[in-house]
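Notes follow once the structure below has been shown.
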Amino acid sequence: MYEVVFLGTANAFPTKRRSCSGLLIEAPGFRMLVEASPGIVSRLDRIGVSPGDIRRIFISHSHGDHTLGFPTLVLSRIRAATRLQVYAAQDTLSMLQMLWTLAYADFDSNYLKCDWHRMSERRPDEVEVAPGVILRTIVVPYPPGATTLAARWDFEDGPSVTFVTDTIPNTASIQLAQGSDLLIHEATYSAELQPNEDPARHFHSTARQAGEVARQAGCPRLALVHLGPEISNYPKVLVQEARADTDLQVIVPEDGERVRVDAES
Ligand SMILES: [Zn+2]
């Protein structure tokens, strides 16, 4: 069974119901955490996953709502038998190392049981993260100083999942997501609820734009995440906005929600 658990669905401004970004991708014999937002360890605990069970993590970029939980995650793995495999762009990897040093300056480096896997900041990249599981990344438009990667997981004889966050609609995301069974796309804004906002100014997207990316990439199913606090209590509006009267399946998952992903064919 292939599943995505939505650990956090808010943008940088968490609410009572929604924490900052986090996903857990699970497949037979495989598990990968996506993003290390503040509080990620307690949200894993809530679904019965201990930090030691996490052996791989992908982080999209260096902003705090995606990285500030990293020192706590590393510390919580203190008795883990395995090292943590960390996949990110170089400036994100540097930021994670810096965060650890700032948080636990007096701890020796043996506590930092991580292997760092640098994904290209320039061109599409791919790596086999486990037998039969390919992680593909591509750089997407980002504000200066915060290289941002979109990511896709392809499972041999299984589905594929693409994750796009903290960016504007762009051809690289569409190329990466092509034919994915589930596209998880940010919707920090809503064109319907916030007609006067310009999401591109902040390198973000609306639910409508997320829907357009899904259609252009031929993805049958879209999950909206990274929701701004002004829009996150209106899931029905967001679903309708992203669907735009097409047959795209759109969900607005709650924190802790587990979603099954099946291959299309
Ligand atoms: Zn963010």
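Please treat every number below as a calculation from the coordinates, not as lab data. Please read these numbers as outputs of a predicted model, since none were measured by experiment. Because the Cβ atoms are built from the backbone with ideal geometry, glycine has one as well, and the counts that use them run over all protein chains shown.
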Verdict on residue 62 being within 16 Å of the ligand (Cβ to nearest atom), part of a loop (DSSP other than H, G, I, E, B) and either among the aromatic types (Phe, Trp, Tyr) or out of contact with any strand residue (DSSP E or B) (no Cβ under 7 Å at 6 or more places or on another chain) (or both): yes
Residue list for the stretch 5-25, filter: more than 16 Å from the ligand (Cβ to nearest atom) and within 15 Å of the chain's Cα centre (by Cα): 5, 24, 25
Subset tally (residues that are away from the ligand (no atom under 14 Å from the Cβ) and closer than 21 Å to residue 96 by Cα) for the stretch 26-44: 8
Conditions (1) assigned to a loop (DSSP other than H, G, I, E, B); (2) closer than 25 Å to residue 25 by Cα; (3) of a type in the set (Asp, Glu); number of the one not met by residue 212: (1)
Qualifying positions in the stretch 226-262 - more than 20 Å from the chain's Cα centre (by Cα), surrounded by fewer than 18 Cβ atoms within 10 Å (Cβ to Cβ) and not in a helix (DSSP H, G or I): 230, 233, 234, 244, 245, 246, 247
